[in-house]
Structure formats: structure tokens, C-alpha cells
1. Expressed as a whole percentage, what fraction of the accessible surface of the range 230-307 belongs to carbon and sulfur atoms when a 1.4 Å probe is rolled over the protein heavy atoms?
2. Specify whether the C-alpha gyration tensor of the range 41-81 places it in the rounded, prolate or oblate class, a ≥ b ≥ c being the square roots of the eigenvalues: rounded for a/c under 1.5, otherwise prolate if a/b is larger than b/c and oblate if not.
3. Per residue, how large is the accessible surface of the range 109-152? Use a 1.4 angstrom probe and give square angstrom.
4. Using a 1.4 Å probe and counting only protein heavy atoms, arrange Phe278, Phe131, Phe158 so the residue with the most accessible area comes first.
5. Under 1.5 on a/c is rounded, so check that first for the range 14-73, then, if it is not, pick prolate when a/b is larger than b/c and oblate when it is not; a ≥ b ≥ c are the square roots of the alpha carbon gyration tensor eigenvalues.
6. So how do Ser114, Ser89 rank on accessible area, 1.4 Å probe, biggest first, that is with the largest at the start?
7. Can you tell me how much longer the chain between Leu308 and Asn239 gets when fully stretched, taken as 0.36 nm per residue apart minus their C-alpha distance, in nm with one decimal?
8. Report, in listed order, any pair from Lys28/Lys81; Lys81/Lys288; Lys242/Lys294; Lys141/Lys289; Lys28/Lys288 with a Cα-Cα distance greater than 24 Å.
Amino acid sequence: MTFIFFVTSLVITFSIIGYGFLINDFLKLKKIPTNLGLIGILGLFFLSIISNFTHIFIPHDYFHNLILIIFGLILLLLYLKLGSKFKFSLNLLTITFSLLFIGLIMAKTNEDYSYYHLPNSLQFAQQKLQFGLGNINHGFKHISSLFMLNSLFYLPFFDHYLFNLPNLIFLVFFVLFILTEIYHRSNLNSNISNILLSLFLILFLSKFSRIAEYGSDLAGQIIVCIYIFYIFEVIFNDNLTKDNKNNILKLSLLLLVFAITTKFILSIYSLFFLLTLFFIEKKSEMIKKFLELKYFAFLLLPSFFFLLSNFSSTGCIIYPVEITCFYDEFNWALSSDIINYLNFHYEIWSKGGKGPGFEVDNQELYVTSLNWVTNWISVYFFTNVTDYILVIFTIILIFTLFFKKEIFDKKKINKKTNLKKSLLIYLTIIC
């Protein structure tokens with residue numbers, strides 16, 4: 001049984017790569033040096049768009065999903081016939097997948113899996129688009145393109161037991177991406193970017209070693225890490241031409257949009273893209289490239305589908321932002337009372353007044369002014385926040401020691417530029 005599970009999962013992974021090659025060629029991203037890990041992430045991005053589109057009309061049943069997987073394998077075979085330079089990468093992919101596969105079958109699932117990962121994924125697999133599901137179950141209010149990807153792996157014999165596979169595939173492609181960049185392209189990348197990739201590799205392999213850590217955050221975090229790597233390349237790699245930087249920025253924006261569709265809170269990382277514009281010359285030319293029809297469509301479509309999914313489930317374009325909700329216009333939408341209650345619930349939770357198995361008395365008074373600070377410090381700060389602060393300052397210290405000459409050397413002609421770049425790094429580490 002385990003062997004069948006492994007082989008099927010590996011075949012699905014190869015199929016995803018086929019879609020990655022397709023979008024890579026269609027958007028002419030091949031101008032960027034090819035990395036099979038990146039091709040895989042692009043394949044997942046393309047499949048998320050396909051799944052959102054087809055879900056409007058039909059459920060993701062066995063027939064739908066088998067057709068997609070078979071077509072992806074056909075695409076892969078067609079691209080492999082064009083050259084053999086990817087054979088080594090495919091072998092490395094197989095080895096990486098085999099080693100990380102153990103994490104998929106170890107221990108329990110994530111604590112939120114049965115709460116809203118499974119219900120959403122199963123709903124997409126068994127039903128086409130429906131409205132007002134947020135009224136049935138609280139879990140249906142939480143939308144992510146990851147759940148739409150999960151539903152594509154609803155297959156005969158396995159049913160829903162492959163729903164955790166996309167998270168593993170994200171991790172496999174990410175590790176493959178980093179290994180390829182470090183060991184095959186390290187001389188072409190900036191030193192800072194290579195150090196950043198090494199830190200990412202250590203962090204993810206240590207943190208996400210078991211399926212229990214594979215929540216809905218993993219996919220978005222992986223995409224953001226690759227996005228930040230390319231942002232760093234644009235800023236710090238002086239060997240890149242203006243055309244190369246523009247192409248990398250186009251790719252970065254695609255990755256950012258993909259990450260946001262997995263979890264809207266990741267839109268905060270748009271800040272890095274805006275900051276990068278300060279280091280780019282002739283911004284008008286770059287903007288014109290962004291407005292190319294087929295490229296712009298790949299920015300617009302996933303954004304539209306993400307908002308549509310939110311709206312169809314809750315009646316809010318961006319849940320739970322009340323100003324975007326249409327509870328008076330549609331009888332299936334969440335009511336104003338529910339939206340306000342849930343916003344208050346999220347506020348209480350974030351301020352440490354509620355958690356698994358506990359909640360404070362007189363919650364209205366608790367969130368007033370700074371009454372919550374003392375309890376939040378005891379509940380969260382000295383358990384979660386302090387660990388991250390220690391890691392952040394350790395990384396900042398190491399970075400400053402290694403690159404203090406580049407940052408503070410007064411003889412540098414571009415001292416101001418170096419300081420700006422360094423501040424961007426510190427901001428990245430903190431976020």
C-alpha cells in the first residue's frame with residue numbers, strides 16, 4: 001500500500017512539471033535560467049488557475065482529475081524530447097521526493113486538517129461552485145488556493161487520502177530549487193542570495209519535518225521565500241542585465257500573486273516589490289511589460305478566482321473585512337452580526353484572550369485599551385515571540401558581521417545604495 005502511494009505521488013509530481021514547462025514557455029519565462037524546482041512551482045500555479053476555473057462548472061471528480069494528470073504527463077514527455085538537460089534534475093527530484101516522502105506518512109495530520117482543510121478540499125472535489133457555504137461550517141469561511149489544488153488529487157482507490165500531497169510537493173520543489181541554485185548556479189547568483197537560500201533550506205527542513213507541521217501556511221511561505229530570493233537578485237546581483245532584471249520582476253510578481261491566493265495575509269510582502277522599484281531604472285518600460293495581455297491575464301485570473309471563492313462562500317470579497325461584505329444584497333451571505341462576532345473572535349484570539357481549551361471572562365473589557373497586554377505576554381510572548389526574536393537578532397548579527405565592510409565602508413562610492421540594500425535585508429529578516 002505504501003509503495004503504491006509513493007509511486008502515485010511521484011507520478012503526480014512529474015505531471016505537475018509538465019504544466020510548469022507549458023506556462024514557462026507561454027509567458028516566455030525561459031529567458032530566466034531554468035530551475036526544475038521553479039518549473040514545478042509554476043506548474044502548481046497553473047493548476048491552481050485551472051482548478052478554480054473548472055470548479056465553476058464541474059466538481060473535481062475522478063474523471064476530471066485523471067484527465068489533468070495524464071495530460072500533464074504527456075506535456076512532460078513532449079518537453080523531455082526537446083532535450084536531455086533535465087534528466088539529471090529529474091533524478092535529483094526523485095531522490096529528494098523519496099527522502100521527504102517519509103515526512104508525509106509520519107505522525108498525525110495538522111490540527112486544522114479536519115477543521116477546514118479536509119471539508120473545503122472534499123467540497124471542491126465532490127461539488128461544483130456553490131454559494132453560502134460559510135453558513136454551514138466555520139471552516140468553509142477560510143479560502144485558499146491550496147484547498148483547490150488538494151481537490152485535484154481526489155483519485156480512484158485513494159479518495160481523499162492524497163489531499164496532503166500538495167504541501168509535500170511544494171516542499172520538494174522548494175528543496176530542489178535551492179539545491180539547484182546553490183550547487184549549479186552559485187557563481188551566477190549574489191553571495192547574499194546564496195546565504196539567504198541556505199538559511200531557508202535549514203529552516204524549512206528542520207521546521208517541516210512531519211506532516212503535523214503542514215498547515216495552510218507552508219505553501220505560501222515557500223512561494224514567498226522564492227519571491228524574496230528573486231527580489232534580492234534584482235537588487236544585489238550587478239551581473240544581471242536590465243532585461244534580465246525586468247524578466248525576474250515579472251516572475252516575482254506572479255509568485256507574489258500565487259502566494260496571496262494561498263493566504264491573503266501574505267499580501268504584506270507586496271512591500272518588497274514596491275521597495276525594489278527604487279532600484280530599477282526606466283520603470284515605465286518595465287510597467288509596459290507588466291501590461292502585456294497574456295502576462296496580465298495570469299496576474300488577474302488567480303486574483304479574480306480567489307475573490308470569487310471568498311465571495312461565493314461568505315458574501316465578502318475579502319473575508320472578514322466588513323466593508324467588502326454584501327450581507328444586505330444576498331440572503332445567502334453571512335449576516336452583519338456574524339461578521340462582527342467573528343471579527344471580535346479573531347481580535348480576542350490574536351490578543352491571547354482565547355485559545356484551544358481556554359478563554360478569558362469579560363472579553364469586551366479584556367480587549368479595551370491595553371488590558372490584554374499582560375495576559376498576552378504570559379500566553380504568547382514568552383513561548384512563541386521570544387524564540388523568534390532570538391533567531392531574528394542572531395541572523396541580523398551574523399549578517400552585519402559578515403557584510404559590515406559593504407554596509408559601513410565610507411570609501412564606497414555607492415554607500416547610500418549599500419545602506420538602502422542592507423535596510424531591505426533587515427526588513428526581510430524581521431518579516
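1. 70
2. Because a/c hits 1.5 or more and a/b fails to exceed b/c, the range 41-81 counts as oblate.
3. Per-residue value: 38 Å².
4. I get Phe278, Phe131, Phe158, largest accessible area first.
5. prolate
6. On the way: Ser114 85, Ser89 20 Å².
Highest to lowest solvent-accessible surface, that is Ser114, Ser89.
7. On the way: separation 69, 0.36 × 69 = 24.84 nm, distance 4.17 nm.
Full extension from Leu308 to Asn239 adds 20.7 nm.
8. Exceeds cut-off: Lys81/Lys288; Lys141/Lys289.
The values are calculated or read from the model by the stated rules, or taken from the named source; none is laboratory data. No experiment lies behind these values; they were computed from the predicted model shown. Accessible surface areas use protein heavy atoms only, side chains included; no ligands, DNA or RNA. Shrake-Rupley method; radii C 1.70, N 1.55, O 1.52, S 1.80 Å.
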